[in-house]
Amino acid sequence: MEKILDRFLRYVSVDTQSNEESETQPSAAKEWDLLKMLRDELQTLGVEVTLDEYGYVMASIPSNIEADVPAVGFIAHVDTAPDASGADVKPQIIKNYDGGAIDLKGVPGLQLKPEEFPEMLHFVGQTLITTDGTTLLGADDKAGVAEIMQAVEYMAEHPEFKHGPVKIGFTPDEEIGRGVVKFDVKRFGAQYAYTMDGGEIGELEFENFNAASAKVHIQGSNVHPGSAKGKMRNAIHIGEEFDALLPVDQRPEYTEGYEGFFHIISFKGTVEEADFAYIIRDHDRAKFEKKKEFIEKAAAFINGKYGAGTVTLTVKDQYYNMREQVEPHYHIIEKAVKAMEMAGVKPKIQPIRGGTDGANLSFKGLPCPNIFAGGLNFHGKMEFVPLESMEKAYEVILNIISLFVA
């Protein structure tokens, strides 16, 4: 078998950064490079696999037992976040990590420090894979891809390993919220599935945010500043005023656990007009709806003060909390817990302060909680993943498959 480290390094060498400005699917042509690679590897392993026009790799491994057991799926996304470059990734392999700062050698003076990221100390003595400080690493979610492929290779090479029907899915564009928009759950064929897209070892999640985006356009009025009194309406200042209407204590930097937030993610403009955007999040559906009402009231207040049409607000729901879809099938959580315990991993059931493809898949009729892939500090140059965490995740996948036939 190929070592999981070699497999992971091979996958992160492929630039798959998705593009939120694109209207195509996949959003970036370069995502096809890894999708085709995975299709070809699955074919080489003797697995029945398809790659459709939307960039979905779907593979099916038939049962090798007589008992009729549910088909279980494992899903990971190939794209990396638009937040940081995923091109020309140069991983660093830190063997027997000693608990100190790690030089990210691509940027002089830049270090990954346990004083800033104390969770690093959980992995003293292990092998850490870091960036060189110039790009993200891509453990989100190529660690998940590698873990799933490692499990597929194991099953291909060990026919004595008993399993029911196993379904494999690799998707594009998760990082821009479009990962499973066109995913055909019926064609995939699983009754239950797991996304391998969580963070630190032990994480198990079946609750996530309810999520919406909000786009704001401010129409100002520009006149020469020398004669602006009573005439100018500066769109930048009006935008600042709009933002100030939202509760400061409900920004992400002041929230944790089940607390939701309004998060301004972009702002650009001139005196004449300005555009900015928010994401709105809350685990509680009622509080989520109230947050959307609040931002609508803020827009109405500005329009009442400066005139109709000053603010144009567009709010769009993105995904919902999967808990209501997963909890009726709680046995799949229990199997994941037991699978971790069998691997010597302590389960940490917690809500996701974010979302996964599994949330949307759950609402499409495929209950799909999220399991750790092992990485930390996703989406930036401080990203890293312990090799031992990936190895445990691979083991957990095989344990889950075994538990479905137990």
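The values are calculated or read from the model by the stated rules, or taken from the named source; none is laboratory data. Keep in mind that this is a model prediction, so the values were computed, not measured. So basically every Cβ, Gly included, is an ideal-geometry build from the backbone, and we count neighbours across all protein chains shown. Surface areas here come from the heavy atoms of the whole protein model, side chains and all, with no ligands, DNA or RNA. Shrake-Rupley method; radii C 1.70, N 1.55, O 1.52, S 1.80 Å.
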Close pairs from region 225-246: first without any contact (Cβ under 8 Å) to a residue 60 or more places away in the chain and within 30 Å of K290 (Cα to Cα), partner aliphatic (A, V, I, L, M) and surrounded by fewer than 16 Cβ atoms within 10 Å (Cβ to Cβ), Cβ under 9 Å, at least 6 apart: N234/A228
Considering (1) open to solvent by less than 80 Å² (accessible area, probe 1.4 Å); (2) touching a residue at least 24 places away in the same chain (Cβ under 8 Å); (3) in a helix (DSSP H, G or I), say which one I279 fails and leave the rest. (3)
Could you say whether any residue in region 70-82 is open to solvent by 20 Å² or more (accessible area, probe 1.4 Å) and either without any contact (Cβ under 8 Å) to a residue 12 or more places away in the chain or in contact with a Leu (Cβ under 7 Å, 6 or more places away or on another chain) (or both)? no
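The rows are residues; the columns are (1) within 23 Å of R281 (Cβ to Cβ); (2) at pLDDT 95 or above; (3) among the charged types (D, E, K, R).
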{"residue": "E334", "(1), (2), (3)": "no, yes, yes"}
{"residue": "G358", "(1), (2), (3)": "yes, no, no"}
{"residue": "F372", "(1), (2), (3)": "yes, yes, no"}
{"residue": "N377", "(1), (2), (3)": "yes, yes, no"}
{"residue": "K381", "(1), (2), (3)": "no, yes, yes"}
{"residue": "V385", "(1), (2), (3)": "no, yes, no"}
{"residue": "S389", "(1), (2), (3)": "no, yes, no"}
When only residues in region 370-396 that are in contact with a strand residue (DSSP E or B) (Cβ under 6 Å, 6 or more places away or on another chain) and part of a loop (DSSP other than H, G, I, E, B) count, which is nearest to N321 (Cα to Cα)? A373
Contact list please: Cβ distance under 6 Å, first residue in region 183-199 and under 15 Å from G164 (Cβ atoms) and hydrophobic (A, V, I, L, M, F, W, C), second residue surrounded by fewer than 20 Cβ atoms within 10 Å (Cβ to Cβ) and modelled with pLDDT of 95 or more, pairs at least six apart or on different chains. A190/A71
Please specify each residue of region 90-149 satisfying the condition of being of a type outside the set (A, V, I, L, M) and in contact with a Lys or Arg (Cβ under 8 Å, 6 or more places away or on another chain). Q92, G106, T127, T131, D132, G133, T134, T135
Only listed residue being part of a helix (DSSP H, G or I), open to solvent by less than 30 Å² (accessible area, probe 1.4 Å) and charged (D, E, K, R), chosen from K291, K287, K297: K291
Quickly run through region 29-56 and pick out the residues that are part of a loop (DSSP other than H, G, I, E, B), open to solvent by 10 Å² or more (accessible area, probe 1.4 Å) and within 12 Å of D79 (Cα to Cα). A29, K30
Here's a check for you: in region 262-276, which residue that is touching a residue at least 40 places away in the same chain (Cβ under 8 Å) and among the small types (G, A, S) is most open to solvent (accessible area, probe 1.4 Å)? G269
Residues that are among the charged types (D, E, K, R) and either farther than 23 Å from F262 by Cβ or touching a Leu at 6+ places or on another chain (Cβ under 7 Å) (or both), drawn from region 296-343: E296, E324, E327, E334, K335, K338, E341
Considering region 332-368 alone, what residues qualify as being out of contact with any Phe, Trp or Tyr (no Cβ under 9 Å at 6 or more places or on another chain) and not in a loop (DSSP other than H, G, I, E, B)? E334, V337, K338, A339, E341, M342
Quick one: in region 163-185, of everything that is open to solvent by less than 10 Å² (accessible area, probe 1.4 Å) and assigned to a strand (DSSP E or B), which residue is nearest to D79 (Cα to Cα)? T171
Of all residues in region 216-261, count the ones that are open to solvent by 30 Å² or more (accessible area, probe 1.4 Å), assigned to a helix (DSSP H, G or I), within 17 Å of I279 (Cα to Cα) and not charged (D, E, K, R). 6
